[in-house]
Amino acid sequence: MNTMIILSAALVPAALLWLYIWKKDTQKEPTCWLVKAVLWGIGICIPVALVEGGIEVSLFGVDGKPSSLFGTTTMAFIVAALPEETFKLFALWMILRKNPYFDEHFDGIVYAVCVGLGFAAFENIMYVFSEEDWVSTAIVRALLAVPGHYAFAILMGYYYSVYHFVDHSPKVAACVLLVPILAHGAYDAIAMSGMINQYIGGLSFFVLIYFCVKMHKVAKTKVLALIKKDKDSSIV
């Protein structure tokens, strides 16, 4: 029974966020394609962990941990954000490259969120089950980490659709990967800065809350922008 409770605590945040985006989609995508996207998000977790582990060892040594803000920022961007968002983009591309149902602007966000939340759900299970105080871990990650992956996915899906349907410029192509990496890296850099000392950790917590609020406001504008784009296209 306890295992089911912990599993539910790990999965419910991702499920609720996915349900929100799914309800926003006026032309629902086939269930099989959504499931494929979620499975791709889960499937990349192991290669991501291997790549992250290799990069971390090469930068900080086998037992090394960052001891400065520069070190935690490096870990945030190079060890975490870069490989995770790169693999997510690869998974999204694999899902959309021959997907006949990728025919609306908002679809890019729908599939990106499936990939991102598949990844986040699996990662969340690993974190929650590995902590003795799983309740605190589940609450913090439900409020910050899982919504973070959701927001990164929205940014990636938005620019993927803009590039696919509207603007094939190199600038937009770069934004598909660069914007999620910057958002993810900034999030992790703020969160990891608490590793330096408790005073920085206390301050960074409030900075992280502010950053998350702003990031989700930006994500919401991206969602509404593509919904409007599809609505305007249907009217025309």
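Throughout, read-outs are computed from the coordinates displayed, never taken from laboratory work. All of these numbers come straight from a predicted model, not from anything done at the bench. With ideal geometry, Cβ positions are generated from the backbone for all residues, glycine too; neighbour counts draw on all protein chains shown.
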Item to check | Cβ-Cβ FRET estimate between residue 101 and residue 221, R0 fixed at 25 Å, reported to 0.05 | outcome: 0.50
Next on the checklist: With +1 assigned to the C-beta of every Lys and Arg and -1 to the C-beta of every Asp and Glu, and no other charges, what is the dipole magnitude of the chain about the Cα centre in debye, to the nearest 20?
Outcome noted: 720 debye
Checklist entry - What aspartates and glutamates could a cross-link reach from residue 222, if we take a straight Cα to Cα line under 17 Å and drop same-chain neighbours fewer than 8 places away? => result 25, 104, 107, 167, 230, 232
Checklist entry - Given a Förster radius of 22 Å and the C-beta distance between residue 133 and residue 198 as r, what FRET efficiency does 1/(1 + (r/R0)^6) yield to the nearest 0.05? => result 0.80
Checklist entry - By average Cβ neighbour count within 10 Å, what is the ranking of 102-111, 169-178 from highest down? => result 102-111, 169-178
Checklist outcome for this item: Projecting the Cα atoms of 170, 211, 54 onto the charge dipole of the chain, where Lys and Arg contribute +1 and Asp and Glu -1 at Cβ, the residue farthest towards the positive end is 170
Next on the checklist: Just checking my list (i) 147; (ii) 117; (iii) 129 against volume of the Cα convex hull per residue in Å³ computed from this structure; which label fits?
Outcome noted: (iii)
Checklist entry - How many nm separate the modelled label positions at residue 166 and residue 58, each set 7 Å beyond the Cα in the direction of the Cβ? => result 3.6 nm
Checklist outcome for this item: Charge dipole of segment 1-152 built from unit charges on the beta carbon (Lys, Arg +1; Asp, Glu -1), centred at mean Cα; most positive-end Cα among 83, 102, 150 is 102
Item to check | Gain in span if fully extended, residue 214 to residue 140, counting 0.36 nm per residue against the direct Cα distance | outcome: 24.8 nm
Checklist entry - Normalised by the residues of segment 35-166, what does the relative contact order come to in percent, with Cα pairs under 8 Å and at least six apart? => result 35 percent
Checklist entry - Which pairs break 25 Å Cα to Cα here: 28/214; 88/171; 36/217? => result 28/214; 36/217
Item to check | Vicinal HN-Hα couplings computed from phi for segment 25-35 (Karplus, 6.51 cos²θ - 1.76 cosθ + 1.60; Hz; Gly/Pro x) | outcome: 7, 6, 10, 4, 7, x, 4, 4, 6, 5, 5
Checklist entry - When you count, for each residue, the other Cβ atoms within 10 Å and take the mean per peptide, how do 41-49, 81-89 rank with the highest first? => result 81-89, 41-49
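For the chain, what does -39500 (n - 2.57) per DSSP helix run (n ≥ 4), summed and divided by total residues, give at 222 nm, in deg cm²/dmol to the nearest 500? List each step's numbers first, then the result.
Values: 10 runs with 187 residues, N = 236.
So the helix-based figure for the chain works out to -27000 deg cm²/dmol.
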Item to check | Inter-label distance for residue 2 and residue 22, nm, one decimal - labels placed 7 Å from Cα along Cα-to-Cβ | outcome: 3.1 nm
Item to check | Over the chain, relative contact order from alpha-carbon pairs under 8 Å, at least 6 apart, % | outcome: 27 percent
Next on the checklist: Using the Karplus curve 6.51 cos²θ - 1.76 cosθ + 1.60 with θ = phi - 60°, what ³J(HN,Hα) values do you get for each residue of segment 59-69, in whole Hz, with x for Gly and Pro?
Outcome noted: 8, 10, x, 4, 10, x, 10, x, 10, 9, 4
Next on the checklist: Pairs of alpha-carbon atoms within less than 8 angstrom and 6+ residues apart define the contacts here; what relative contact order does segment 1-103 have, in percent?
Outcome noted: 33 percent
Item to check | Degrees between helix 134-143 axis and first principal axis of the chain (Cα, 0 to 90, nearest 10) | outcome: 40 degrees
Checklist entry - Which FRET efficiency value, to the nearest 0.05, is calculated for residue 173 and residue 39 with the Förster distance at 25 angstrom and r the Cβ-Cβ distance? => result 0.45
Checklist outcome for this item: Taking Cα atoms only, helix 145-161 is inclined relative to the longest principal axis of the chain by an angle, in degrees rounded to 10, of 40 degrees
Item to check | Label-point separation, residue 65 to residue 49 (7 Å along Cα→Cβ), nm | outcome: 2.0 nm
